[in-house]
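One structure below.
Here, each number is a calculation from the coordinates, and none is a lab measurement. Note that the structure is a prediction, hence the values are computed from the model and not measured. Every residue, glycine among them, receives a Cβ derived from its backbone with ideal geometry; neighbour counts consider all protein chains shown.
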Amino acid sequence: MLSGKRIVLGVTGGIAAYKAVFLLREFQKAGAEVRVTMTPSATRFVGLETFASLSQHEVAVEIFPDDTQSTDWTRHINWGEWADLFVIAPCTANTLSKIASGISDNMLTSTVLAARSPILICPTMDGEMYESPTVTENLKKVQEFGYHVLEPASGFLASGLEGKGRLPEFEDILDKASEIIGSIEGPLKGKKVVVTAGPTREFIDPVRFISNPSSGKMGFAMAEAAKRLGAEVKLVHGPVSVPKPEGIHTTSITSAAELFETVKTHADADVIIMAAAVSDFTPSKTYSHKVKKESGSSSIELSKTTDILAWLGENKKSDQVLIGFAMETEDLIKNAAKKLSKKNADWIIANSISTEGAGFEVDTNHVHLISKDSETEFSGTKQEVAELILGKIFRK
């Protein structure tokens with residue numbers, strides 16, 4: 001159940017914080033991707049570098065860190081959308097009290113409030129603390145919120161006493177996490193989603209073609225995000241070199257004409273996401289042999305390719321969701337809004353090729369999600385942006 005899932009691991013300032021290092025590894029062995037957020041006091045038990053090295057992600061601690069970019073203060077929002085499950089292990093009495101009261105004075109507690117995923121709390125403290133009336137009341141309160149609680153184990157405690165308060169065995173935590181994730185039905189459960197990705201190639205002769213620098217990364221991220229929301233996904237992609245998403249049915253095409261024919265066979269899907277960078281023009285004449293420089297013409301006559309998004313808009317079912325992409329060099333919002341109307345799309349995801357950290361080939365993106373009555377801006381890795389986009393469109 002945990003393979004391919006995304007887990008935020010929250011670590012608070014108790015002696016069991018060192019065990020969270022091993023818990024992180026167990027989640028990774030089960031196939032999950034893990035990011036770590038810590039309370040400031042937790043860093044007194046385990047260094048940031050340990051979790052950062054093992055998770056291969058920066059560790060989130062403070063809401064307004066002094067030594068990072070100003071946009072990092074929104075990380076709790078991005079991670080809250082990104083995660084399939086938020087596990088807080090160990091969870092001290094202090095952090096439990098903050099969660100029960102809605103306090104958000106660090107990145108961990110802020111992420112709790114921003115989380116769209118289920119939350120699993122593993123309270124870990126000395127036995128007398130665990131049995132105290134306030135902790136009992138707070139545990140009852142967070143469960144009423146819908147959060148999951150895994151009771152601590154009994155045994156020898158850091159105080160030297162024996163009692164109930166130890167971090168549960170890793171196997172028990174993983175079993176509970178799998179049980180929670182397995183019970184989740186995403187908003188796209190039972191829906192068929194088609195995603196197009198990557199470039200097309202329009203061949204002039206066997207060795208030359210017209211194309212663009214699209215890597216397919218954004219389209220692949222959209223396909224993975226849709227799958228994570230429960231959809232049955234079919235991914236149609238052009239020539240790419242990045243690894244294809246695991247567990248998703250893929251179809252490879254080369255030209256815009258091939259893409260059109262393939263998309264037509266899936267035009268009855270519940271959701272269609274046209275993330276492919278489709279060539280607008282194709283050579284009017286192609287050659288079966290390589291055209292030599294000495295005998296070749298200095299000009300190439302071009303013909304327009306089929307506007308696939310427009311065709312889909314013209315043939316859209318009443319309950320179908322059509323999502324297009326727009327790559328612009330100027331007047332981004334104006335041109336994207338025009339495309340939205342002209343193509344009869346429900347949403348347009350627009351970004352500018354001139355924006356740093358956005359566009360072709362890079363791993364990050366900065367986009368505007370535009371509908372007839374709204375506009376929302378997202379930035380982050382392409383995986384994060386894809387999660388945010390589909391979360392905005394489909395999560396209620």
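The angle between the Cα long axis of helix 332-342 and the main principal axis of the chain comes to about 70°, on a 0 to 90 degree scale. DSSP beta bridges fully contained in region 6-182 are about 20 percent antiparallel. Each of F281, V195, S97 was placed along the dipole of the chain (beta-carbon charges, centred on the mean Cα), and the one lying farthest toward the positive end is F281.
Each stretch of four or more DSSP H residues adds -39500 (n - 2.57); spread over every residue of the chain, this sum gives -9500 deg cm²/dmol at 222 nm.
Between amide H atoms placed 1.01 Å from N, distances below 5 Å from K191 occur with E232, all of them 5 or more places distant or on a separate chain.
Helix 170-182 and the long axis of the chain differ in direction by around 50°, with both axes built from C-alpha atoms.
Rounded to whole numbers, the Karplus 3J(HN,Hα) couplings from phi for region 210-216 are 9, 7, 8, x, 4, 9, x Hz, using 6.51 cos²θ - 1.76 cosθ + 1.60 with θ = phi - 60°, and x at Gly and Pro. Largest GNM mean-square fluctuation across E169, E301, E258, computed for the chain with C-alpha springs under 10 Å, falls on E301. Each Lys and Arg contributes +1 and each Asp and Glu -1, all at the Cβ; summed about the Cα centre of the chain, the dipole is approximately 1200 debye.
Decide, for region 6-182, between rounded, prolate and oblate: order the square roots of the alpha carbon gyration tensor eigenvalues as a ≥ b ≥ c, take rounded if a/c falls under 1.5, and otherwise choose prolate if a/b is larger than b/c, else oblate. Because its axes are fairly even, with a/c under 1.5, region 6-182 counts as rounded. Residues whose amide H lies under 5 Å from that of C91, counting only those 5 or more places away or on a different chain, are C122, T124; hydrogens are built 1.01 Å from N in the peptide plane. Taken about its Cα centre, region 57-157 carries a charge dipole of about 320 debye when Lys and Arg each add +1 at the Cβ and Asp and Glu each add -1 at the Cβ. Placing unit charges on each Cβ (+1 for Lys and Arg, -1 for Asp and Glu) gives the chain a dipole about its Cα centre, and among V149, I181, S354 the Cα reaching farthest toward its positive end belongs to S354.
So for the chain, what percent of the C-alpha to C-alpha distances run longer than 28 Å? It works out to 53 percent of all Cα pairs. For the chain, the relative contact order works out to 11 percent when only alpha carbon pairs closer than 8 Å and six or more residues apart are counted. Each Lys and Arg Cβ is given +1 and each Asp and Glu Cβ -1; about its Cα centre, region 6-182 then shows a dipole of about 100 debye.
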